[in-house]
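Chemist: Sharing a structure below in structure tokens format, with a few things to ask.
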Amino acid sequence: MTTRIRPWADDDFALLRRANEPGMTEYLGGPESEEKVRERHEKYLRFVRLDTAGIFAIELDGVAVGGVNWWQSEWNGEDTLETGWFVVPEAQGRGVAAAGVALALDDARQRSERRRILAFPATANLPSNRLCARLGFERIGESELPYRDTVLQMAVWSLNLDAPGSAPTL
């Protein structure tokens, strides 16, 4: 089983549509409209062209099964990075998300000057919270955050990209 990441491409729109299915958006307030998914896809492609963030498809043995991104953000007045990810159901539970996120963290470590990266999984999303802990993030709190057209209860995880052990061996 080989997991790798590659820059998001126009052909990945179908993958983003899969990520918008009800089971995949349970912790995100539900599916978005087709128009919103298309806008998100175009935004990803724009970020790739401008090289202002890390926007990737996760491949398992050459097949795209998820996505992982990092981008510039701000948290409590501090310039940070933020990360998010998804893996389609048939590839879940196989270490694909952990490998993909670890590769994206390596990319952020190499390409960004910002050294703190945050993740905001829903507090009820136990697999994503476990993934943060596995990858060396520290849970620094919880917050109610606006997302799409709702407010979600999110765990706040932080990782210093320069800290010893911040590049986990999977």
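Chemist: Run the dipole for the chain about the Cα centre, Lys and Arg Cβ at +1, Asp and Glu Cβ at -1, nothing else charged, and hand back the magnitude in debye, nearest 20.
Modeler: Using only the charged Cβ atoms, the result is roughly 360 debye.
Chemist: Another question, then. Would you work out which of Ala64, Met24, Ala53 lies farthest towards the positive end of the dipole of the range 1-71? Charges go on Cβ: Lys and Arg +1, Asp and Glu -1.
Modeler: Towards the positive end, the residue furthest out is Ala53.
Chemist: Counting heavy atoms of the protein chains only and a 1.4 Å probe, report the per residue accessible area for the range 54-170 as a whole number of Å².
Modeler: 48
Chemist: To continue, here is another question. Counting only protein heavy atoms and using a 1.4 Å probe, what share of the accessible area of the range 4-70 belongs to carbon plus sulfur, as a whole percent?
Modeler: Carbon-and-sulfur percentage of accessible area, whole number: 51.
Chemist: Now for a separate question. Rounded, prolate or oblate: which one fits the range 15-68, using the alpha carbon gyration tensor with axes a ≥ b ≥ c (rounded when a/c is under 1.5, else prolate when a/b beats b/c, else oblate)?
Modeler: oblate
Chemist: Provide the per-residue ³J(HN,Hα) series for the range 147-161, in order, calculated from phi with Karplus coefficients 6.51, -1.76, 1.60 and θ = phi - 60°, each as a whole number of Hz, with x at glycine and proline positions.
Modeler: Per-residue couplings from phi come out as 8, 6, 10, 8, 10, 10, 8, 10, 7, 10, 10, 10, 9, 8, 5 Hz.
Chemist: Multiplying the sequence separation of Asp51 and Glu144 by 0.36 nm and subtracting their Cα-Cα distance, what value in nm do you get?
Modeler: 30.4 nm
Chemist: Which value in Å does the Kirkwood hydrodynamic radius of the range 29-120 take, with 1/r averaged over all unlike C-alpha pairs and then inverted?
Modeler: The Cα-based Kirkwood calculation yields 14.2 Å.
Chemist: Determine, at each q value in 0.13, 0.14 (inverse angstroms), the log₁₀ of I(q)/I(0) that the Debye formula gives when each Cα of the chain is one equal point scatterer.
Modeler: -0.60, -0.71
Chemist: Can you pull the percent of the range 91-170's accessible area that's carbon plus sulfur, 1.4 Å probe, other chains left in place?
Modeler: 48
Chemist: Around Tyr147, which amide H atoms from residues at least 5 apart in sequence, or from another chain, sit under 5 Å from its own amide H, with H modelled in the peptide plane?
Modeler: Leu152
The values are calculated or read from the model by the stated rules, or taken from the named source; none is laboratory data. A quick note: this is a predicted structure, and the numbers were derived from the prediction, not measured. Cβ sites come from the backbone with ideal geometry, for glycine too, and all protein chains shown count toward neighbours. Side chains are part of the model used for accessible areas, which takes the heavy atoms of the whole protein and leaves out ligands, DNA and RNA. Shrake-Rupley method; radii C 1.70, N 1.55, O 1.52, S 1.80 Å.
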